[in-house]
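Since the structure comes first, as structure tokens, the remarks are kept for the end.
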Amino acid sequence: MTTNDIMKPENLVYKKPKLLNDKTMHYCPGCSHGVVHKLIAEVIEELGLEDKAIGISPVGCAVFAYKYIDIDWQEAAHGRAPAMATAIKRLLPDRLVFTYQGDGDLAAIGTAETIHACNRGENIAVIFINNAIYGMTGGQMAPTTLEGMKTSTCPYGRDVTLNGYHLPISNLIAQLEGTRYVTRQSVHTAAAVRKAKAAIKKAFMNCMEPEKKGASFVEIVSTCNSGWKMSPADANVWMTENMFKAYPIGDLKNS
Amino acid sequence: MGKIKGAVEVNTNRCKGCRLCVIACPSKVLAMSKQVNAKGYNYAYMENPDACIGCASCAIVCPDGCISVYKVKIEE
């Protein structure tokens, strides 16, 4: 049996989800954003929420998320995505409202909005891409940058006496009464991608429950190979060796 | 006993040559082409198509959704 005999529509087991359109994404080769976009598209398709999903796109690398997934989107001011999601969910309570934010957006300029939206127990999902750096603007130090990690604004490594410590924002969020599901996942292997997909699915299903039981928060520990100045493969290895120590993978809260 | 055979189809114009699929493949089927696509990236292709088991690991880790996976069970 030749390869051409196998490549028939009836034998198809995996392909790009329909909601992810054919526009070439602007992300760097090997960027974790692409995988998470694909997971969101797959989960929305599986839940049949194509007409009910409203995404809030951030400022950062994912600012053009609305160009790639064919659902309704709203662009928010820098860091204000959870505030906007609150308004949309309160006005349209039967919709799936989620934000998609990076660490510069969620953990730096938008810390107040994030913490207060979660503390109010809004029925929204927050997808948080944590790559420990400001990717879009050229790899500057972020609040989530690890101690000793080199970036363009701390070329000798993050000095804790001057710049403080990395901010484990999911651990803070998990302590709030207003959250019901807080988890930290990654997308560097096929097994990890499957777990991350299950986490995103659970978060989205939580949001569609009519009762307001609290916010769902999914952190994805990601790579930024351009900002870290590594190849995509090396960035994945570096992430497993260094990032997972500071940001251990697993559920922080599941109620 | 039935034997599983797979095949992958890479959308070469969409591929950005990040090599993550080559690393994810447990059967060492994929490799990077010496040719480049319209954007100048070396794209992934099936170097060793007979070894493919259709597990879809390559497609699952692909950040750009370039890979479609096909699988058949061959009865002997």
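Below is a table of values for the structure above.
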read-out: Alpha-carbon centroid distance for the pair the range A:69-102 / the range A:1-58, whole angstrom; value: 21
read-out: Calculated FRET efficiency for the pair A:Arg194/A:Lys23, C-beta based, R₀ 30 Å, to 0.05; value: 0.70
read-out: Under 15 Å, Cβ to Cβ, from A:Leu252 - net charge with Lys/Arg +1 and Asp/Glu -1; value: +2
read-out: Which of A:Ile133, A:Ile249 has the fewest Cβ neighbours within 10 Å, and the rest in rising order; value: A:Ile249, A:Ile133
read-out: Computed over the range A:129-255, Kirkwood Rh from alpha-carbon pairs, angstrom; value: 15.5
read-out: 3J(HN,Hα) from dihedral phi, the range A:29-37, Karplus parametrisation 6.51/-1.76/1.60, rounded to Hz, x for glycine, proline; value: x, x, 6, 5, 3, x, 5, 5, 4
read-out: Sparsely packed chymotrypsin sites (Phe, Trp or Tyr not before Pro) within the range A:128-193, loop by DSSP, other Cβ within 10 Å at most 14; value: A:Tyr156, A:Tyr165
read-out: For B:52-61, mean number of other protein chain Cβ atoms within 10 Å; value: 5
read-out: Percent RCO, i.e. relative contact order, over the range B:3-74, from Cα pairs under 8 Å lying at least 6 residues apart; value: 46
read-out: Choice from B:Lys16, B:Lys28, B:Lys39 with maximal GNM fluctuation in chain B (Cα, 10 Å cutoff); value: B:Lys39
read-out: Packing-based exposure ordering (other Cβ within 10 Å, fewest first) of A:Thr111, A:Thr24, A:Thr161, A:Thr179; value: A:Thr161, A:Thr24, A:Thr111, A:Thr179
read-out: Average other protein chain Cβ within 10 Å of Cβ, residues A:31-44; value: 3
read-out: Gaussian network model of chain A, Cα within-10 Å springs - most flexible of A:Cys154, A:Cys224, A:Cys61; value: A:Cys154
read-out: Under DSSP loop assignment and at most 16 Cβ neighbours within 10 Å, longest GluC sites (Glu not before Pro)-free interval of chain A; value: A:51-146
read-out: Label-point separation in nm, A:Asp5 to B:Asn48, each point 7 Å along Cα→Cβ; value: 2.2
read-out: Peptides B:42-54, A:188-200 ordered by average Cβ neighbours within 10 Å, highest first; value: A:188-200, B:42-54
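No value in this document is a laboratory result; all are computed from the given coordinates. Values in this document were obtained by computation on a predicted structure and should not be read as measured data. Here the Cβ is made from the backbone with ideal geometry for all residues, glycine too, and neighbour counts use every protein chain on show.
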